[in-house]
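Just below is one structure, and these are the notes that go with it.
The values are calculated or read from the model by the stated rules, or taken from the named source; none is laboratory data. Computed from a predicted structure; not experimentally measured. Neighbour counts run over all protein chains shown; Cβ positions are idealised from the backbone, glycine included. In case anyone asks, the SASA skips ligands and DNA or RNA and just uses the protein heavy atoms, side chains included. Shrake-Rupley method; radii C 1.70, N 1.55, O 1.52, S 1.80 Å.
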Amino acid sequence: MRVLFVCLGNICRSPTAEGMFRRHLDEAGLAGRVEVDSCGIGPWHAGKAPDARAQAAAAARGLDLSGLRARQLDDDDFGRFDYLLAMDHDNLAALEARRPADSDAHVGLFLSFAGLPDRAVPDPYYGGDDGFEEVLDLVEAASRGLVEDVRRRLEEGA
Ligand code: 4NP
């Protein structure tokens, strides 16, 4: 099973989601069965580590994001990943616009897995530290829901 988190820059929200989901997979004993990555719709930050504010907020909750490096969405991602999960509606629209007609990947909003079907993870880039805490809270809830969804699919396919 392969999961890709998608935001605009791949330096704030999607790396936070990647780090959180890796931890929850590990806690669920599923780390060896799921591949996880993140990417950005935009090219600007490719090769960069996550934003220092995102790293600091995550570190305060025990998550080390320092080894992650940003990359841009690639057309091949639609064939490689089972889930492509957007942080907001713009990211989702960009994914839908590039999605090949024959793709059967689950493309949707990440927060649907937190029981928040039409909600976005707000972009914290131009705001204050509160925004990064809100990202962590939302991502934590959705990540737990996603672990359960992935577990169900693994059991169905087993
Ligand atoms: P992210 O945040 O999409 O959560 O990584 C942003 C990072 C950079 C920019 C926008 C959003 N930017 O415009 O450079």
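Surface exposure of segment 1-144, expressed per residue as accessible area with a 1.4 Å probe, stands at 46 Å². For the chain, the residue among 14, 29, 94 whose Cα projects farthest onto the positive side of the dipole built from Cβ charges is 29. Remark: the chain carries a charge dipole of roughly 320 debye about the Cα centre, counting +1 on each Lys and Arg Cβ and -1 on each Asp and Glu Cβ.
Taking loop as defined by DSSP and a crowding limit of 10 other beta carbons within 10 Å, which chymotrypsin sites (Phe, Trp or Tyr not before Pro) in segment 64-158 fit?
Answer in residue order: 126.
Label zone (residue 144, point 7 Å along Cα-to-C-beta; backbone nitrogen cut-off 19 Å) within segment 18-35: 18-31.
Centre-to-centre, using Cα atoms only, segment 77-94 and segment 98-152 are separated by 10 Å. Take the Cα of residue 28, step 7 Å toward its Cβ, do the same at residue 130, and the gap between the two points is 3.2 nm. With a/c under 1.5 counting as rounded, go ahead and sort segment 25-111 into rounded, prolate or oblate using the C-alpha gyration tensor (a ≥ b ≥ c being the square roots of the eigenvalues; past the cut-off, prolate if a/b is larger than b/c, else oblate). Oblate, since a/c reaches 1.5 and b/c is not below a/b. For segment 2-157, what D do you get in µm² per second when you plug the Kirkwood radius from alpha-carbon pairs into Stokes-Einstein at 4 °C and 1.567 mPa s? D = 85 µm²/s.
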